[in-house]
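The values are calculated or read from the model by the stated rules, or taken from the named source; none is laboratory data. From a predicted model like this one, the values you see are computed outputs, not experimental measurements. Note that we place each Cβ from the backbone using ideal geometry, even for glycine, and neighbour counts take in every protein chain shown. Heads up: the accessible areas ignore ligands, DNA and RNA and are worked out on the full protein's heavy atoms, side chains in. Shrake-Rupley method; radii C 1.70, N 1.55, O 1.52, S 1.80 Å.
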Amino acid sequence: MKAKKPISFNFKFFVSLIVAFFLLSNFASENQATVASTSVEKIYPRNYFRSPLNIPLYLSGTFAEMRPNHLHSGIDIKTNSVEGLPVFAVADGYVSRVRIQAVGFGNSIYVTHPNGFVSVYAHLQKYNPAIAKFAKNLQYENQSFELDTLLGASIIPVKMGEIIAYSGNSGGSGGPHLHFEIRDEKTEEPINPLLFGFELADKVAPIIQAIHVYPLNENSAINQQKQKIRFATAGNKINYTVNNNQIIEAWGNIGIGIECIDYQSNSSNQNGVYSIELKRNGERIYFSKMERFNFKDTKAINSHCDYKEKNNTGRWVQKSFVDAGNPLTIYRDLQDRGRIALEPGDIYNMEYIVTDADGNVTNLKFTINCAANNPYNFNFSSNKPMLDLFPFNIQNTLERANVKFTFKPNTFFDTTFVNYENSKAPFAAFSSIHTIGNKNIALNDFFDITIKPEKAMTDFQKSKAIIFQTYRGAIGGYYDNGVVKGRSKIIGGFYIVADSIAPSIKPVNIANGIHLKGSSIICRISDNLSGIKSYNAYIDDQWVLLNYDQKSATLKYYLDEKCPKGKHVFRIVVIDQKDNKNQYLATFYN
């Protein structure tokens, strides 16, 4: 027989791990108490608001369902794949905000009501004539397409059932629909609109697709494996079991996550569920409810879900164990933040209860046995890389040759081990690539980056310097006293480049000397690195309003009173974030 190799043990790594476990466990009781205190049952008026549309409400998106990097703040109402449906004020009130964006909500309206709530209507095609005139006057006054203005109660009052706009596909919308919200006027928190009594055709219970069981420390295992395992489900769409009634064998500290979706009657859209409850031997150890949340916490979706799973497989898995730095207030009745500590002889009968906002219920039952013996000894390989330990609730700094990363408190959702690598500079870069962490580490906020150039830069190049991120492209930045500074909300690899190329302008239906046919002038714009900062158009040197659709990168000027019949000079000027400028000029007749 071959002699057994001695266990290799890295003392420094071991101490770091113990510190991490101490920090996490020390925070647990405080965080659990905080979460419990924010869970207050509220009663919402169910007969106060009418529907915002005069068609049956079929949803392509539900409140607080999981979206990339944010929780969905309203419901998405299907408009039969068309634009232009009348949108009605859901109750008496006044227009308190008008906002126009190239991305995000596009054209949106906020209406404040006397009962302390605000209704929000987004991705609109256009406003009613009064609101449209008000918005256009402000756009010309500010010489800006983008608009965000607050209004007093006396400026544009509205009555229940009054047409305030028409449905559309503006902003970041992926197709024609109406995004509709109800917010708390005082806190500005979005609230689930389906709690206000809007009628839906929904007799379909949520569907549970699978569960994921996670080993949560170095001494844990699932079915003799030191890694997460996914277990598919089987059942009759109301009562589920783990496939083939499989008993799950585990050891140590574990957590559980769930894949589940919801359908509405007569609709094929997969939507999010309303509440998830996890019980152990009949006792609740985890509960989440999508009733309301704070916008400042919306990125915590990346803590609520299995962020790594989403990145690698596209699956949305809602964890039933809460990270120590997760600020969401959707949780209640947590025991050990949903974590399960197994002891020899433990047999746990587990049950998930999942509901939708209309009260349809599904459950899943399964069994977890504690393994008879620990399948893994507590040991570490000497081949493990040395990592920096970043407690989530303090400021953390990682500094290496020519680079510095600074994370303010609560940038991470939990105490995290982070690695650093340096690699060769790409062509035309002024620094090597500084890589911190990996794409599977979720962040709750921006962090600061400082990089020192490793190649000489001229004064011109310094004025155009930005930081480039290997996953997402340019993240901005500026040269200051020998270094380039910037911010990012995603960790990865970073290096310095210079953006000296002006934006591109491509005329679509305009050319020098053309006799223009139609009611608009259209151009497309783009930028290769830092992104568009501003765009302005002029007719005979007088500023005119351009409507910008970022999805198609299209600028459109609708011929108005600024352009009477005759000969005119059209000029468009586009500037990027590093002040590179391009201009297009054409004489035309209309």
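Given the structure, is residue 440 open to solvent by 30 Å² or more (accessible area, probe 1.4 Å), within 22 Å of the chain's Cα centre (by Cα) and in contact (Cβ under 8 Å) with a residue 24 or more places away in the chain? Answer is yes for this residue. Evaluation of residue 426 against the conditions (1) open to solvent by 20 Å² or more (accessible area, probe 1.4 Å); (2) at pLDDT 95 or above; (3) more than 25 Å from residue 69 (Cα to Cα) shows that the sole unmet condition is (2).
Close contacts from region 506-535, counting a first residue that is on the phi > 0 side of the Ramachandran plot and a second that is part of a strand (DSSP E or B), with Cβ to Cβ under 7 Å and a gap of 6+ residues or different chains, come to 513/587; 531/474; 531/576. How many of the residues making up region 484-515 are open to solvent by 20 Å² or more (accessible area, probe 1.4 Å) and either within 26 Å of residue 559 (Cα to Cα) or of a type in the set (S, T, N, Q) (or both)? The qualifying residues number 12.
This table checks each residue for (1) over 18 Å from the mean Cα position of the chain (by Cα); (2) among the charged types (D, E, K, R); (3) at pLDDT 95 or above.
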{"site": "252", "(1), (2), (3)": "yes, no, no"}
{"site": "255", "(1), (2), (3)": "yes, no, yes"}
{"site": "263", "(1), (2), (3)": "yes, no, no"}
{"site": "277", "(1), (2), (3)": "yes, yes, yes"}
{"site": "290", "(1), (2), (3)": "no, no, yes"}
{"site": "313", "(1), (2), (3)": "no, no, yes"}
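Among the residues making up region 414-437, those that are over 26 Å from residue 461 (Cβ atoms) and of a type in the set (A, V, I, L, M, F, W, C) are 417, 418.
Listed conditions (1) surrounded by 18 or more Cβ atoms within 10 Å (Cβ to Cβ); (2) of a type outside the set (Val, Ile, Thr); (3) under 23 Å from residue 499 (Cα atoms) are all met by residue 583, apart from (1).
Search region 315-367 for residues being among the small types (Gly, Ala, Ser), under 22 Å from residue 63 (Cα atoms) and within 24 Å of the chain's Cα centre (by Cα), and hand back the single one that is surrounded by the fewest Cβ atoms within 10 Å (Cβ to Cβ). Across region 315-367, the extreme among qualifying residues is 357. Being exposed (fewer than 14 other Cβ atoms within 10 Å of the Cβ), touching a residue at least 40 places away in the same chain (Cβ under 8 Å) and basic (Lys, Arg) is a condition met by at least one residue of region 225-239. Only residues that are part of a loop (DSSP other than H, G, I, E, B), in contact (Cβ under 8 Å) with a residue 12 or more places away in the chain and open to solvent by 30 Å² or more (accessible area, probe 1.4 Å): list them for region 246-296, please. Listed by number, the residues that qualify are 246, 247, 263, 266, 269, 274, 281, 282, 294. Among the numbered conditions (1) over 32 Å from the mean Cα position of the chain (by Cα); (2) within 17 Å of residue 577 (Cβ to Cβ); (3) in a loop (DSSP other than H, G, I, E, B), the only one that residue 460 does not meet is (3).
Tell me which residues, restricted to region 157-200, are aliphatic (A, V, I, L, M) and surrounded by 17 or more Cβ atoms within 10 Å (Cβ to Cβ).
Passing the criteria: 158, 164, 165, 178, 182, 191, 194, 195, 200.
Of all residues in region 548-573, those satisfying the criterion of being under 14 Å from residue 504 (Cα atoms), in contact with a Cys (Cβ under 9 Å, 6 or more places away or on another chain) and of a type outside the set (Ser, Thr, Tyr) are 555, 572. Looking for something touching a helix residue (DSSP H, G or I) at 6+ places or on another chain (Cβ under 6 Å) and on the phi < 0 side of the Ramachandran plot - is there at least one such residue anywhere in region 302-315? Checked against the condition, which is being touching a helix residue (DSSP H, G or I) at 6+ places or on another chain (Cβ under 6 Å) and on the phi < 0 side of the Ramachandran plot, region 302-315 yields at least one hit.
Do you know which residues across region 145-180 are assigned to a loop (DSSP other than H, G, I, E, B), of a type in the set (Asp, Glu) and within 27 Å of the chain's Cα centre (by Cα)? First the steps, then the outcome.
Pass one, region 145-180, residues assigned to a loop (DSSP other than H, G, I, E, B): 145-146, 151-156, 159-162, 169-176.
Next, only the ones that are of a type in the set (Asp, Glu) stay: 146, 162.
146 - this is the single residue of region 145-180 that is assigned to a loop (DSSP other than H, G, I, E, B), of a type in the set (Asp, Glu) and within 27 Å of the chain's Cα centre (by Cα).
Specify the residue that is farthest from residue 133 (Cα to Cα); the eligible residues are those in region 146-192 that are without any contact (Cβ under 8 Å) to a residue 60 or more places away in the chain and aliphatic (A, V, I, L, M). So, considering only residues that are without any contact (Cβ under 8 Å) to a residue 60 or more places away in the chain and aliphatic (A, V, I, L, M), the one farthest from residue 133 (Cα to Cα) is 153.
Give me the strands (runs of 3 or more DSSP E) completely within region 63-141, filtered to those with at least 2 residues that are within 13 Å of residue 181 (Cα to Cα) and open to solvent by less than 10 Å² (accessible area, probe 1.4 Å), ordered by residue number.
Filter on region 63-141 gives 75-78, 107-112, 117-127.
In the set (1) assigned to a loop (DSSP other than H, G, I, E, B); (2) open to solvent by less than 60 Å² (accessible area, probe 1.4 Å), residue 471 fails one condition alone, (2).
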